[in-house]
Amino acid sequence: MCGIIGYVGSRPASPILINGLRRLEYRGYDSAGVAIVSGQRLEIMKDAGKIGQLAEQLARAPIEGTVGIAHTRWATHGVPSRLNAHPHTDPGETIAVVHNGIVENFYSLKKRLIRDGAIFQTDTDTEVFAHLIARFYNSGPLEEAVQKALHQVTGAYGLAVVSSREPDKIIGARNGSPLVVGIGEGENFVASDPAAVLEHTRQMIYLADREMAVLKREGVEITNLDNVPVERKPEKILWDLAVIEKGGYDFFMQKEICEQPRTIRDAMSGRVVLESGKARLGGLNLPIEALQDLERIVITACGTSWHAGLIGEYMIEDFARIPVEVEYASEFRYRRPIVDEGTLVIVISQSGETIDTLAALREAQRNGARVLGICNVVGSTIARESNGGVYLHAGPEIGVASTKAFTSQVTVLAILSLLLGRVRGTLSRKDGRRIIRALLAIPDQVQSILDRAEEIRRIADLYAENNNVLYLGRGYNFPVALEGALKLKEISYIHAEGYPAAEMKHGPIALIDRNMPVVFIALRDSAYEKVIGNIQEVKSRQGRILAIATEGDDLLDKWAEHVIYLPPTIEPLTPILSVIPLQLLAYYIAVKRGCNVDQPRNLAKSVTVE
Ligand code: G6P
């Protein structure tokens, strides 16, 4: 949510800031702005709307200067408008602030500032920072004023501040929202995501919570908020810019769907050994005895990652016979959950920055549990704070609706379940080999589904006018029904619901008529016959049926208007295949409806506010 970039150097700041914002647009895209130190003044340009509009305005009225900060917004306090767009300034326009996060004591701070004579221009919580910092900005340096201001603030922030009085400096600070410092030669950067500055430097310092960076051309100093210096070596980013470009695809989401054969392969790479039927996960940080003694596992996550967690529950219980519970991180964190030393808490997060998931991790650790993080973004906060972890290695995911991260999460959970099953003796070598053989076949099977994208596009065209769609599945494919429905509603704005197929009789069946399309995941698995029964129930009420079926099943043709066939695999791995046509279906329906697939309204890729 919200993207930040700052630059101090000797090149013109404005193109660097705009390019950086474009790379961050996935984080928020309802308004954008820049503040550039131009001579002894701050020049500010901002507006509601996309970054392209801001770039056009800047092209018409360029701002000169080699130091500046910029922001792309996802509104929390206050509607998207020019006024509420960042940067925000103090009344004298001496300092400008861009902010990602939420100031929790915003109302009390604002009330106090107003009582002391401040006049607020906007509805944002960020303006509080501008007033507070200005209040403390007397004879001392900017960093001192920022520190004093931050001591008054509770809540989450990634922050960058510039001042016309100290024109060669940017202050960055973080608590709860990510912030990295990019180290260049004679120039330095601050950003909420390395992607924003990767075209200029690969050397990044990740700030920890309640840390602050003072960036000048000649170097960067890091301290905590009590001004105690912090030693931190830069880390080198190893991935390339090409992976965050569209590479000929119309949308990032399309590219990411199509990358899945490779990303699934990368998630497995070096982690399974066919010969012994075993799995290896180097970052677990847990001795074998601890894995053998595990009494309980709690999986916690949000959104699509939570759906992956549900599949993980089925797999771990199936393969390793350990009781598993799955909970939304936002519920877990406030529920006094029962976890202790005997519980392994698995947190799943593509971005590694989702605030509720991070809070759940901390709550679990406070209760004595060990936390295993399954993350995609290397060096993200959740990855760093977990006691052990498994990276997805799926590469940056830019499309707001998660696709490739989901299939990699399920792949990693399958490997983890296999590892646990083998260590605890609930799976034999033969079982292990069977699972690994099936896993190794998955990437080519996914490719074979992608090769039929055109067929799925034609089917999608026929469903693009609907206002409702129901997704039904059972067992391992119940979470896939949830995920299919989530994909559709996120990007096409069609109301969609996922349900366990048998639950249909307890409510959703009332919705079925000739206008209600129902997507059935009806694979040749242990639930097959039951699902066929549910299909008949829909059919007899004239519902329109789209079935996802196993190749060679010629029964479904009789009842379904359309059938999409999948290659067979072992039951626990079917979700990795069955979700692919549902991703494509949502994608093509959204494109047909003219939606901005990569940046759906009201959504953000990384939810760093509660
Ligand atoms: C947002 C995204 C979803 C994602 C969820 C959890 O809602 O739009 O695609 O599944 O956050 O994100 P995480 O990064 O923790 O997996």
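The values are calculated or read from the model by the stated rules, or taken from the named source; none is laboratory data. Keep in mind that this is a model prediction, so the values were computed, not measured. Cβ sites come from the backbone with ideal geometry, for glycine too, and all protein chains shown count toward neighbours. Keep in mind that these areas ignore ligands, DNA and RNA; they rest on the heavy atoms of the full protein, side chains included. Shrake-Rupley method; radii C 1.70, N 1.55, O 1.52, S 1.80 Å.
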Only one of (1) surrounded by fewer than 22 Cβ atoms within 10 Å (Cβ to Cβ); (2) at pLDDT 95 or above; (3) of a type outside the set (Lys, Arg) does not apply to Val345, and that is (1)
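Given the criteria among the basic types (Lys, Arg), under 27 Å from Tyr26 (Cα atoms), away from the ligand (no atom under 16 Å from the Cβ) and open to solvent by 50 Å² or more (accessible area, probe 1.4 Å), does Lys592 qualify? Can you show your working first?
Values: among the basic types (Lys, Arg): yes; under 27 Å from Tyr26 (Cα atoms): yes; away from the ligand (no atom under 16 Å from the Cβ): yes; open to solvent by 50 Å² or more (accessible area, probe 1.4 Å): yes.
Here the answer is yes, as Lys592 does meet what is asked.
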Among residues of segment 294-312 being closer than 12 Å to Leu344 by Cα and of a type in the set (A, V, I, L, M), the residue surrounded by the most Cβ atoms within 10 Å (Cβ to Cβ) is Ile299
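Conditions (1) in contact (Cβ under 8 Å) with a residue 12 or more places away in the chain; (2) among the aliphatic types (A, V, I, L, M); (3) within 11 Å of Pro87 (Cβ to Cβ), marked per residue:
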{"site": "Ile5", "(1), (2), (3)": "yes, yes, no"}
{"site": "Ser10", "(1), (2), (3)": "yes, no, no"}
{"site": "Pro15", "(1), (2), (3)": "no, no, no"}
{"site": "Leu21", "(1), (2), (3)": "yes, yes, no"}
{"site": "Tyr26", "(1), (2), (3)": "yes, no, no"}
{"site": "Asp30", "(1), (2), (3)": "yes, no, no"}
{"site": "Gly39", "(1), (2), (3)": "yes, no, no"}
{"site": "Lys46", "(1), (2), (3)": "yes, no, yes"}
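Would you confirm, using the coordinates I've provided, whether His99 is touching a helix residue (DSSP H, G or I) at 6+ places or on another chain (Cβ under 6 Å), under 20 Å from Val609 (Cα atoms), at pLDDT below 95 and not hydrophobic (A, V, I, L, M, F, W, C)? Walk me through it before giving the result.
Details: touching a helix residue (DSSP H, G or I) at 6+ places or on another chain (Cβ under 6 Å): yes; under 20 Å from Val609 (Cα atoms): yes; at pLDDT below 95: yes; not hydrophobic (A, V, I, L, M, F, W, C): yes.
Answer is yes for this residue.
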Please list, ordered by first then second residue, the pairs with beta carbon atoms under 8 Å, 6 or more apart or interchain, first in segment 180-196 and closer than 15 Å to Arg11 by Cα and open to solvent by 10 Å² or more (accessible area, probe 1.4 Å), second modelled with pLDDT of 95 or more and among the basic types (Lys, Arg).
Gly186/Arg217; Glu187/Arg11; Glu187/Arg217
Filter segment 237-268 down to the residues that are of a type in the set (Val, Ile, Thr) and in a helix (DSSP H, G or I), then identify the one that is surrounded by the fewest Cβ atoms within 10 Å (Cβ to Cβ).
Val243
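Being under 25 Å from Glu397 (Cβ atoms) and open to solvent by 40 Å² or more (accessible area, probe 1.4 Å), is that true of even one residue in segment 23-31?
Yes, that holds for at least one residue.
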Restricting attention to segment 595-610, the residues that are open to solvent by 10 Å² or more (accessible area, probe 1.4 Å), over 23 Å from Asn467 (Cβ atoms) and near the ligand (Cβ under 8 Å from one of its atoms) number exactly 3
Testing Leu109 on (1) open to solvent by 10 Å² or more (accessible area, probe 1.4 Å); (2) farther than 28 Å from Phe189 by Cβ; (3) in contact with a helix residue (DSSP H, G or I) (Cβ under 8 Å, 6 or more places away or on another chain), one condition comes back false. Which one is that?
(1)
Is it true that Leu291 is within 18 Å of the chain's Cα centre (by Cα), away from the ligand (no atom under 13 Å from the Cβ) and either over 27 Å from Asp209 (Cβ atoms) or open to solvent by less than 10 Å² (accessible area, probe 1.4 Å) (or both)?
no
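Results for (1) among the aliphatic types (A, V, I, L, M); (2) more than 16 Å from the ligand (Cβ to nearest atom); (3) closer than 22 Å to Ala441 by Cα, shown as yes or no for each residue.
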| residue | (1), (2), (3) |
| --- | --- |
| Gly270 | no, yes, yes |
| Leu281 | yes, yes, yes |
| Pro287 | no, yes, no |
| Glu295 | no, yes, no |
| Trp306 | no, no, no |
| Gly312 | no, no, yes |
| Asp318 | no, yes, yes |
Going through (1) part of a strand (DSSP E or B); (2) among the β-branched types (Val, Ile, Thr); (3) in contact with a helix residue (DSSP H, G or I) (Cβ under 6 Å, 6 or more places away or on another chain) one by one, Ile316 fails only at (1)
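Looking only at residues that are of a type in the set (Lys, Arg) and touching a residue at least 12 places away in the same chain (Cβ under 8 Å) in segment 468-508, which one is surrounded by the most Cβ atoms within 10 Å (Cβ to Cβ)?
Pass one, segment 468-508, residues of a type in the set (Lys, Arg): 474, 487, 489, 505.
From what is left, the residues that are touching a residue at least 12 places away in the same chain (Cβ under 8 Å) are 474, 487, 505.
Details: Arg474: 23, Lys487: 29, Lys505: 11.
Applying the filter and picking the extreme gives Lys487.
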Could you list, in sequence order, all residues of segment 348-369 that are open to solvent by less than 10 Å² (accessible area, probe 1.4 Å), more than 10 Å from the ligand (Cβ to nearest atom) and assigned to a loop (DSSP other than H, G, I, E, B)?
Ala369
Can you tell me which residue in segment 375-430 is farthest from the ligand (Cβ to nearest atom), limited to those that are open to solvent by 20 Å² or more (accessible area, probe 1.4 Å), without any contact (Cβ under 8 Å) to a residue 60 or more places away in the chain and in a helix (DSSP H, G or I)?
Glu385
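Suppose we keep only residues that are touching a strand residue (DSSP E or B) at 6+ places or on another chain (Cβ under 6 Å) and surrounded by fewer than 19 Cβ atoms within 10 Å (Cβ to Cβ) within segment 59-86. Which one would you say is nearest to Leu179 (Cα to Cα)? Outline the logic, then answer.
Narrowing segment 59-86 to residues touching a strand residue (DSSP E or B) at 6+ places or on another chain (Cβ under 6 Å): 63-65, 67-73, 80-82, 85-86.
So of that shortlist, the ones also surrounded by fewer than 19 Cβ atoms within 10 Å (Cβ to Cβ) come out as 64, 80-82.
Numbers: Glu64: 26, Pro80: 23, Ser81: 25, Arg82: 25 Å.
Taking the candidates together, the pick is Pro80.
Just checking, does segment 438-460 include any residue being closer than 21 Å to Leu584 by Cβ, away from the ligand (no atom under 16 Å from the Cβ) and not in a helix (DSSP H, G or I)? Walk me through how you get there before you give the answer.
Of all residues in segment 438-460, those closer than 21 Å to Leu584 by Cβ come to 441-460.
From the residues that got through so far, the ones that are away from the ligand (no atom under 16 Å from the Cβ) too are 441-460.
Right, trim to not in a helix (DSSP H, G or I) and you get 451-452.
Yes; the residues of segment 438-460 include at least one that is closer than 21 Å to Leu584 by Cβ, away from the ligand (no atom under 16 Å from the Cβ) and not in a helix (DSSP H, G or I).
Could you check segment 126-223 for strands (runs of 3 or more DSSP E) lying wholly inside it with 3 or more residues that are on the phi < 0 side of the Ramachandran plot and of a type in the set (Val, Ile, Thr)?
Values: elements: 157-163, 170-175, 180-183, 188-191, 203-206, 211-216.
Passing ranges, in order: 180-183.
Would you say Glu331 is within 16 Å of the ligand (Cβ to nearest atom), open to solvent by 20 Å² or more (accessible area, probe 1.4 Å) and either charged (D, E, K, R) or touching a strand residue (DSSP E or B) at 6+ places or on another chain (Cβ under 7 Å) (or both)? Outline the logic, then answer.
Working: within 16 Å of the ligand (Cβ to nearest atom): yes; open to solvent by 20 Å² or more (accessible area, probe 1.4 Å): yes; either charged (D, E, K, R) or touching a strand residue (DSSP E or B) at 6+ places or on another chain (Cβ under 7 Å) (or both): yes.
Judged against the criteria, Glu331 is a match.
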State yes or no: is Arg434 open to solvent by 40 Å² or more (accessible area, probe 1.4 Å), touching a helix residue (DSSP H, G or I) at 6+ places or on another chain (Cβ under 9 Å) and at pLDDT 95 or above?
no
